[in-house]
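Read the figures in this text as sums done on the coordinates, not as results from a lab. In this text the structure is predicted, and so the values were computed from the model without any measurement. Ideal geometry is used to build each Cβ from the backbone, glycine not excepted, and the neighbour counts take in all protein chains shown.
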Ligand SMILES: C[S@@+](CC[C@H](N)C(=O)[O-])C[C@H]1O[C@@H](n2cnc3c(N)ncnc32)[C@H](O)[C@@H]1O
């Protein structure tokens with residue numbers, strides 16, 4: 001797990017989706033931005049689903065090695081693809097998930113319209129990623145200033161994601177919340193990885209400790225693809 005770490009623990013985040021989403025044997029799942037495919041392997045082993053483990057930065061042969069070690073080659077298919085050029089047929093999947101990744105490409109207003117086309121009507125889309133308790137107008141809160149990186153601007157609150165998706169009329173958002181204790185789990189996993197690397201208390205851990213869940217956490221959004229777009233109000 002530590003070797004494949006790329007952020008908050010992907011298996012804990014996958015569990016947070018599975019708490020509220022149905023995964024059943026044989027279901028086709030797209031794990032978009034799967035990184036080291038740890039969430040894909042977990043879902044295949046735990047629920048017997050078939051997963052297309054799709055990522056840009058991590059090479060599919062590297063993921064195939066991990067998948068083979070986990071003995072789920074027949075269930076997890078590593079795919080190299082950019083999020084805007086997915087090599088799948090429309091409505092191929094029963095479920096779409098994205099863990100720690102959707103904010104890299106999905107804040108574009110038009111992205112959900114493309115992405116949601118890959119799930120069957122009535123199918124579910126679930127994402128979890130770093131996020132905020134609420135939106136801030138301009139600068140980050142002063143206590144986060146020393147740690148702030150420009151790309152954190154893609155971290156958003158549950159309310160922001162709800163509006164971002166619902167305004168398309170393509171999905172019905174069933175859940176948009178912060179994972180209970182998400183920041184503590186993020187920090188706990190961060191500490192474990194820092195310890196394993198021999199460099200404890202790196203910058204991200206310091207940031208999470210100084211914030212103590214006031215602003216930062218893990219945002220979860222689950223939606224169902226509408227059978228047809230909602231009519232305008
Ligand atoms: C922080 S990592 C998270 C990986 C993994 N889901 C996890 O939780 O460990 C973000 C992932 O998003 C993927 N990603 C970012 N932008 C992407 C894009 N435009 N198309 C496809 N994948 C993308 C990267 O390849 C990377 O593996």
Output the relative contact order of segment 110-209, whole-number percent, from Cα pairs under 8 angstrom with separation of 6+ residues.
25 percent
Per residue of the chain, what 222 nm ellipticity follows from adding -39500 (n - 2.57) for every DSSP H run with n ≥ 4, rounded to the nearest 500?
-8500 deg cm²/dmol
Let me check against my output: what whole-number percent is the relative contact order of the chain, with C-alpha pairs under 8 Å and at least 6 apart?
21 percent
Computed label-point distance, nm, for sites residue 136 and residue 19 using a 7 Å Cα→Cβ extension:
2.6 nm
Quick one: Debye curve from the C-alpha atoms of segment 50-121, no solvent, what's log10 I(q)/I(0) at q = 0.15, 0.24 Å⁻¹?
-0.54, -1.21
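Suppose we take every Cα in the chain and form the convex hull; what volume per residue is that in Å³? Display every interim value, and only then the final one.
Numbers: hull volume 28.3 nm³, N = 233.
Per residue, the Cα convex hull of the chain comes to 121 Å³.
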Using a ≥ b ≥ c from the Cα gyration tensor of segment 1-123 (square roots of the eigenvalues), is it rounded, prolate or oblate, where a/c under 1.5 gives rounded and otherwise the larger of a/b and b/c decides, a/b for prolate?
rounded
